Amino acid sequence: QAPTLTIAYITNGNTNEGWTLINNGAERAGQAAGVRLISVAAERGELSRQLAIVEDMISRRVNAIAIAPVDSAGIAPAINRALAAGIPVIAVDTGITGARITSYVATDNVRAAVVQGRWTGEQVRDGDTVIYITGDQSQSTGRERRSGFLQGLNEVRRNVRVVEVPTTWDQTMAQNGVESALRSHRNARVIASAWDGGALGARAAMLSAGLRAGSIQIVGFDGSPGGLMMMRQGWMQANVAQMLSRIGQVGVETAVAAARGQTVPERIDTGSFLVLPANLEQFARDSGVIQFMRP
Amino acid sequence: MNNINRQDWFGALVAVVALGLVLSVASPYFLTAGNLSNVLVKASVIALLAGAQTFVILTSGVDLSVGAVTALAGAIAGHLMLKLGVDPYAAIAVALLIGIGVGMFNGYLIAYVGIPSFIVTLGGLTLWRGLAFESTGGFDNSGLPDPFPFIGYGEILGIPMPILIMLLAYVVMAFVLSSTRFGRHVYAIGSNAAGARQVGINIRRSTMGVYVVSGFVCALAAIVLMARMDSSSGRMAMNFELDAIAAVILGGTSLFGGRGSIWGSLLGAILITMIRNGMNLLEISQFKQMMAIGAVVILAVWIDVIRRKRMLR
Amino acid sequence: MNNINRQDWFGALVAVVALGLVLSVASPYFLTAGNLSNVLVKASVIALLAGAQTFVILTSGVDLSVGAVTALAGAIAGHLMLKLGVDPYAAIAVALLIGIGVGMFNGYLIAYVGIPSFIVTLGGLTLWRGLAFESTGGFDNSGLPDPFPFIGYGEILGIPMPILIMLLAYVVMAFVLSSTRFGRHVYAIGSNAAGARQVGINIRRSTMGVYVVSGFVCALAAIVLMARMDSSSGRMAMNFELDAIAAVILGGTSLFGGRGSIWGSLLGAILITMIRNGMNLLEISQFKQMMAIGAVVILAVWIDVIRRKRMLR
Amino acid sequence: MKPPPSVLRITGLTKHYGGVKALTEACFSLAAGEHAAIVGDNGAGKSTFVRLITGTERPNAGRVEIDGREVNFHSPLDARQQGIETVFQTLAIAEDLDVASNIFLGRELTYFNLGPLSPLNHKAMKSQAAQMLEATGVKIPDMSEKLRGMSGGQRQCVAIARAAGFARKLIILDEPTAALGVQETAKVEEIIKGLKRSGIPLIIISHNLRQVFDLVDRIWVFRQGRIIANRATGQTNPEQIVGLITGAIDPASLPQAEEQPC
Amino acid sequence: MKPPPSVLRITGLTKHYGGVKALTEACFSLAAGEHAAIVGDNGAGKSTFVRLITGTERPNAGRVEIDGREVNFHSPLDARQQGIETVFQTLAIAEDLDVASNIFLGRELTYFNLGPLSPLNHKAMKSQAAQMLEATGVKIPDMSEKLRGMSGGQRQCVAIARAAGFARKLIILDEPTAALGVQETAKVEEIIKGLKRSGIPLIIISHNLRQVFDLVDRIWVFRQGRIIANRATGQTNPEQIVGLITGAIDPASLPQAEEQPC
Ligand SMILES: Nc1ncnc2c1ncn2[C@@H]1O[C@H](COP(=O)(O)OP(=O)(O)OP(=O)(O)O)[C@@H](O)[C@H]1O
Ligand SMILES: Nc1ncnc2c1ncn2[C@@H]1O[C@H](COP(=O)(O)OP(=O)(O)OP(=O)(O)O)[C@@H](O)[C@H]1O
Ligand SMILES: [Mg+2]
Ligand SMILES: [Mg+2]
């Protein structure tokens, strides 16, 4: 009988709902596969801390590493040392540049954001105003979602004024920004957010401006319980859902497979899904997010 | 010598007015009907935290845990209401008790054990936020029941509730600081702790009191903030501690204790909110916003320093 | 009375040893061959920043911008080398000059204009990081040319380069603080700035010097950090300022200036690194880790405080 | 004849700081209504003695009795609650507060009692402070200024006014007139004589022998951390006291009968 | 007869803090080798005068000449570079440093000169500090202790030793013996007499008239922020000076011929 495999799952320390779901998926996959899963986080999203964790895991000779890098490029030297030590490395959610990793499991952020942009474009006419709540532009996820969104929007409508609300993935920042934006752009038709927390902020901003649910359309990104709840209550009209717990689950499954010496694909797109009120309940059930939503 | 321009907070007042003028020239929307009250509403949470912080800084301490305590009180209250179906008023009471409890914990370690406030509250910064995440599993709770919508968006006599709550807290805090025995002792401890002890002030009890006030006001801020966000989570009020401290110092209170006033902190909080808010009105990009915020904070105090020097001549 | 256990840093030493014992009992991986030198390598960047911070805190100032300055120097050096093809040694020189330049800016505003150090460096905290992002467009630069791989992973006489650089800097800083005129004035300013001025110390020049040292050492830390990460970006060293300050205070230096030693800060940095590292070894989950780190920081000082009280009896 | 009951009796009081023996086995007593002086070289341990009996610091050993009952002050708060007021050599003033606030520090006048939240009666404090200060003879041009800018003598008078105004059981003055001018010194000596008349016992530390002989009933001599002798003022003279302070006179050579036992 | 050249000449020196007139139109002069005393009530403006002429604070108006040349001190550093040493009433000591470091504060002995980075000669400083302190007669049990724990007199002696050891051009002492014991006061007076013999001019502020008449050539009287009179010690007496200080004697009633003009 083979000894139990040890798999390291190293997350990036993000503490929002989306990441909670991804991490839950990873842990469930670890249990299901019957491996020993060491699950650790780079505290406060600090790269050098994550580097230190990877090095610890190398010295512990784990059988495979699944990692959500804090920084695509910065993690590369440690990853290269892990690979050199014969440890397969699977990137989860965020890619790694500068290292030939075993596999990359994620939503294609650009592709998903293009869907968000197209949907938005279909809701507006030329000359309309759209508010876009931007994720942190110092991170590739934030940059990819923004460029994908703008790309998709421009494919459908060229003459749209986009008012950007910059944030660092912070809900209060999003709320304050949208409040200001609504003040100077009362005619905004759609608020798009780079993540669901921003959408929650947008709803609060509408509340404080005395606007009713639906008077401005909100489109989210993530498919997190909070976002889907908003849709259920009529505050959100569309949500580009990532298969959140699937990302974590597939990431760990792929790591287990690689540790067992099986060959795994270099890129696994866990896909995205445009959730609309019509297919909301179905999606919530199928993705398992429903267990985190209040009835 | 109580001329208005000799007050510690006069610089903050000038900065608020000056920045207000700049913004209303730069953006036609700044002076619109609701925006001024809007600035106050947005400032209300930072203002509450800055008010709490003022007590602490006046005793020459510092409370780095205000943001984390806000998150803990808010996250648990939200979790109780939405996940466990607890009555909202009971949840509010629990939040306030959490604030008082954390304040007592901080106060005990600082006043009775003698650990520096910086360490206790730096530890608290991650300890309480970690607890907030742990106890909610990292999930948000949105769509809060009554009376939260009223607290967040209601009005009494045309004054939005967040402003009302904040001003009420300020009036009480200002009274306590300027006109009660406890307030007097707060200043004395910050000015000369050893001396205050020698004349027979119970500096331990007063210091404890300061952190309890801080914890309680943080919980109050948590209630206002979650009502405003219509949701709560362990991520609430992230990094608010530095804004709160900056507001206090912009308001003219000395970081070394003993000198300053609470109304200055309110002005400081408004100033910081206007800076952040103004950037959004001007649609400045994320990175340029960061730079501008830093520069304006330095500039505001720079002008104040020059003014004071002039005055001394 | 120079018994080792009366030194300010003795508490940190005890905590390091105690935590080391706990970790090697709890996790078989802690004492593996390379792990001890590994802890030192990991501590090197925080240690450098804590060393810089020690100078500032001894004058009763505080430098909240150390992380941001590190990011600015590192991000620009990386951008110069990889995007603009500048020679690595020239880029290193530029990084060091940036550190000195920011230090002079801080020092000027604090010593000559008279703005509180908290405000100048709080403004700098976002100002410099914003500038780092802005000038690199928010993009990373990875795969650094020679000599960075050697700086990050090379060894001389079996000692890893990051440790070597850090220790060298510490020896120089310790000498400057304990055995030069400048070092003596740093302590005097922190102890009694008005008095130091009255006896004819040029407190402005010395204060300026302190911030220049801080800026320079931050740039040095940036070079070590980017070499270790084999990349640089504006996100480098995020939130390191609180760790650096905590290391200094854990090391026994008083936040009010005039008292403390630089070797304590090294011990403090090692302690903080071990705490964070130990949590990973013990496989504590993310939220519990946050709580544990906060609790251990408080606990470390708690024990020290009790030890000192015992000693006084 | 039975000796009058001691207000304060101290035996074996000892305080060492690391290797520095600030005070060793001090033994002292003060009768009801008695005014005593403590004299001695710089560094003889006089202020340390004051800090120990007011609870500012804890002794390494020793026993303090007030009115025949042992007391164990953990902080100056305990001493103050027993009615002991002190002017410390370091004055214990809050530089950021004004004169009235300093005089009433820890004893604020309030409109009614709500514990720590009692509302202050600013007006009463201001007028009473002015009155109390007047007794010291010092002139303060603007009473609402903070103490930070005040002259050395002005600060010292604030501390004296405070202690003199609130003492009930015992008042301790550590070099109260060191920074005072001729007029102010005379006024403060008047205050001390007034306390004598009202029967409040007092301990004064002073380097001014003229003052000591003018004011007190008994002189205690400290030397190198020990209390080496005490003499009733009437039975000694300045030369003898100086000799004891400097060590030129061996205390053992003096008649023991005149010593106050303790 | 031509008057001897003035080392220090001050005219119209004025300093107001808000509404408090600490010093108004002060006029003062000091001849080469002369020792002068400044006397006056608490709050009369004596320490303010010292702070102004040492550059610690800037005057609102007035002119300071040293050796006949106008000087404009922007900080105490400028004064020190001219060889002026001062014992401030607030002592200007760093409580966290030990005795030797305090005595050599700002004048550290070094092995060789590298500007601010000059390496300190700890040994030389320690031994010289012990010597300089001995002259003041104070006993300090452990020279390597920090000043924080030291007694009032010990601190004051550290500041005196520092000033006396480094003065070249002028030495200013603000109530130097206020906290000193009998022996130490005598020793410090010895030091002052030594300075007189070596021809170093000196200004002493003191409330002790016995001391003043013993030590100096001329007495300047401050009253309510003004210099109202000056008298050569030989031509006056303590009663007259007390009268001037308290205002009992009108300075205009005194013969003007004996006044030192300035
Ligand atoms: N906290 C302390 N740490 C170390 N030494 C101390 C401390 N407090 C006092 N000492 C030492 O104890 C001795 C007695 O000091 P104390 O202040 O009692 O003297 P004093 O008699 O009041 O002198 P003075 O007349 O100068 O005020 C001195 O040698 C002093 O240096
Ligand atoms: N920084 C300041 N702010 C306000 N008032 C001040 C300041 N400095 C001095 N004063 C006032 O100026 C006057 C003169 O003070 P100064 O210290 O010169 O007196 P002094 O003659 O030295 O008295 P003493 O004999 O008590 O030391 C006092 O009334 C004092 O309160
Ligand atoms: Mg004393
Ligand atoms: Mg004076």
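The values are calculated or read from the model by the stated rules, or taken from the named source; none is laboratory data. Model, not experiment: these values are computed from the prediction. Because the Cβ atoms are built from the backbone with ideal geometry, glycine has one as well, and the counts that use them run over all protein chains shown. The accessibility values were calculated without ligands, DNA or RNA, using every heavy atom of the protein model including side chains. Shrake-Rupley method; radii C 1.70, N 1.55, O 1.52, S 1.80 Å.
Using a loss threshold of 20 Å², tell me which positions in the range A:199-239 are less accessible in the complex than in their chain alone. Probe radius 1.4 Å, ligands and nucleic acids ignored.
A:200, A:203, A:204, A:207, A:208
Among D:126/D:169; D:126/E:21; E:15/E:187; D:139/D:196; D:187/E:21, which pairs are too far apart, with a Cα-Cα distance over 31 Å?
E:15/E:187
Return one number: the angle in degrees, 0 to 90 and rounded to the nearest 10, between the long axis of the Cα atoms of helix E:122-134 and the longest principal axis of the Cα atoms of chain E.
Between the helix axis and the principal axis of chain E, the angle is about 40 degrees.
Rounding to the nearest 10 and keeping the result within 0 to 90°, find how far the Cα-based axis of helix D:182-197 lies from the longest principal axis of chain D.
Roughly 80 degrees, rounded to the nearest 10.
Taking 8 Å as the Cα distance limit and 6 or more residues as the minimum spacing, I'd like the relative contact order of chain B as a percentage.
Relative CO of chain B lands at 36 percent.
Would you kindly calculate the translational diffusion coefficient of the range D:149-262, applying Stokes-Einstein with the Kirkwood radius from alpha carbon pairs, for 25 °C and a viscosity of 0.890 mPa s, and quote it in µm² s⁻¹ without decimals?
159 µm²/s
Computed on protein heavy atoms with a 1.4 Å probe, what is the summed buried accessible area for the chain pair C and A, in Å² to the nearest 100?
About 2900 Å² of accessible surface is lost on pairing.
Checking an interface number: how much accessible area is buried between C and B, summed over both chains, with a 1.4 Å probe, in Å² rounded to 100?
3800 Å²
Average projected area of the Cα convex hull of chain A, in nm²?
Convex hull of Cα atoms, orientation-averaged projection: 15.2 nm².
Kindly provide the pair-distance distribution of the range C:1-155 built from C-alpha pairs, with 10 Å bins from 0 and whole-percent values in order of increasing distance.
9, 28, 28, 25, 10, 1
Tally the DSSP beta bridges in the protein assembly as shown and give the antiparallel ones as a percent, rounded to 5.
Roughly 45 percent of the beta bridges in the protein assembly as shown run antiparallel, per DSSP.
Please state the charge dipole magnitude for the range D:17-92, taken about the Cα centre, from unit charges on C-beta atoms (+1 on K and R, -1 on D and E), reported in debye and rounded to the nearest 20.
200 debye
Starting from the Kirkwood radius over alpha-carbon pairs of the range C:18-96, derive D by Stokes-Einstein at 4 °C in a medium of 1.567 mPa s and give it in µm² s⁻¹.
Translational D for this selection: 84 µm²/s.
What is the Cα coordinate range of chain D on the first, second and third principal axes, sorted by size from largest, in whole angstrom?
For chain D, the Cα extents along the three principal axes come out at 58, 43, 38 Å.
Placing unit charges on C-beta atoms (Lys and Arg positive, Asp and Glu negative, everything else neutral), compute the dipole magnitude of the protein assembly as shown about its Cα centre in debye, rounded to 20.
For the protein assembly as shown, the charge dipole is close to 1100 debye.
Would you mind telling me the share, in percent, of accessible area of the protein assembly as shown contributed by carbon and sulfur at probe 1.4 angstrom?
58 percent
Quickly estimate the mean residue ellipticity at 222 nm for the protein assembly as shown, helices only: each DSSP H run with n ≥ 4 gives -39500 (n - 2.57), and the total goes over all residues, rounded to 500.
Taken over the protein assembly as shown, the calculation gives -16500 deg cm²/dmol.
Could you quote the convex hull projected area for the range C:119-260, Cα atoms only and averaged over all directions, in nm²?
10.2 nm²
Can you tell me the relative contact order of chain A? Whole percent, Cα pairs under 8 Å, sequence separation 6 or more.
Rounded, it is 21 percent for chain A.
Nearest 5 percent is fine: what portion of the DSSP beta bridges confined to chain D is antiparallel?
Here the antiparallel bridges make up roughly 55 percent for chain D.
On the principal axes of its Cα set, how long, how wide and how thick is the range A:159-295? Give whole Å, largest value first.
Cα spread of the range A:159-295 along its principal axes, largest to smallest: 58, 31, 29 Å.
Counting only residues 5 or more places away or on other chains, whose amide H sits under 5 Å from the amide H of residue A:162 once H atoms are built in the peptide plane?
Residues meeting the criterion, in which the H sits 1.01 Å from N, are A:130.
Taking Cα centroids, how far is the range A:19-49 from the range D:159-226 in Å?
Their Cα centres are 73 Å away from one another.
Percent relative contact order of the range B:152-206, based on C-alpha pairs within less than 8 angstrom and at least six residues apart?
18 percent
Hey, got the average number of other protein chain Cβ atoms within 10 angstrom for residues in E:16-23?
Shielding by partners across E:16-23 averages 4.
Viscosity 0.890 mPa s, temperature 25 °C: give me the Stokes-Einstein translational D for the range C:39-238 in µm²/s, with Rh taken as the Kirkwood radius over C-alpha pairs.
145 µm²/s
Shape verdict for the range A:97-149, please, from the Cα gyration tensor: rounded (a/c under 1.5), prolate (a/b greater than b/c) or oblate.
Prolate, because a/c is 1.5 or more and a/b exceeds b/c.
Residue by residue through the range B:213-220, what is 3J(HN,Hα) from phi via Karplus (6.51 cos²θ - 1.76 cosθ + 1.60, θ = phi - 60°)? Round to whole Hz and write x for glycine and proline.
So the Karplus estimates, Gly and Pro as x, are 4, 4, x, 5, 5, 4, 5, 4 Hz.
Work out Dmax and Rg for the range C:203-248 from the C-alpha atoms and quote the Rg first, both in angstrom.
Expressed in Å, the Cα Rg and Dmax of the range C:203-248 come to 12.9, 40.
In square angstrom and rounded to 100, what buried accessible area do you get between chains D and E, total over both, with the probe at 1.4 Å?
Chains D and E together bury roughly 2100 Å² of accessible area.
Before I look further, what does the range B:1-126 give for accessible area per residue, probe 1.4 Å, in whole square angstrom?
Per-residue value: 33 Å².
Given a 1.4 Å probe and the protein chains all in place, what does the accessible area of residue C:117 round to, in Å² to the nearest 10?
20 Å²
Shielding by partners for D:115-123, please: the mean number of other protein chain Cβ atoms within 10 Å of each residue's Cβ.
If you average over the peptide's residues, the count of other-chain Cβ atoms is 5.
Can you tell which of C:84, C:127, C:281 shows the greatest fluctuation in a Gaussian network model of chain C with Cα springs below 10 Å?
Ranking C:84, C:127, C:281 by mean-square fluctuation puts C:84 first.
Over the Cα atoms of the protein assembly as shown, what radius of gyration and what Dmax do you get, in Å?
35.3, 119
Please list, ordered by chain and number, the residues whose modelled amide H lies under 5 Å from the amide H of residue C:257; skip anything fewer than 5 residues away on the same chain.
Here C:60 satisfy the definition.
Size of the dipole of the range C:39-238 about the Cα centre, Lys and Arg at +1 and Asp and Glu at -1 on the beta carbon, nothing else charged, in debye to 20?
Rounded to the nearest 20 debye, it is 640 debye.
For residue D:113, project a label point 7 Å along Cα to C-beta. Then give me every residue of the range B:182-205 with its amide nitrogen under 16 Å of that point.
B:182
Which of the lysines could a cross-linker span from residue B:83 if the Cα-Cα distance has to be under 24 Å and same-chain partners fewer than 8 positions apart are dropped?
The qualifying lysines are C:288.
What is the average number of partner chain Cβ atoms found within 10 Å of a Cβ in A:168-177?
Across the residues of A:168-177, the mean count of other-chain Cβ atoms within 10 Å is 6.
Measuring with a 1.4 Å probe in the full set of protein chains, what accessible area per residue, in whole Å², belongs to the range E:214-262?
47 Å²
Set Lys and Arg Cβ to +1 and Asp and Glu Cβ to -1, take the dipole of chain D about its Cα centre, and tell me which of D:195, D:248, D:68 lies farthest positive.
D:68
Determine how large the accessible area of residue E:196 is when every protein chain is in place; take a 1.4 Å probe and give Å² rounded to the nearest 10.
Approximately 70 Å² for this residue.
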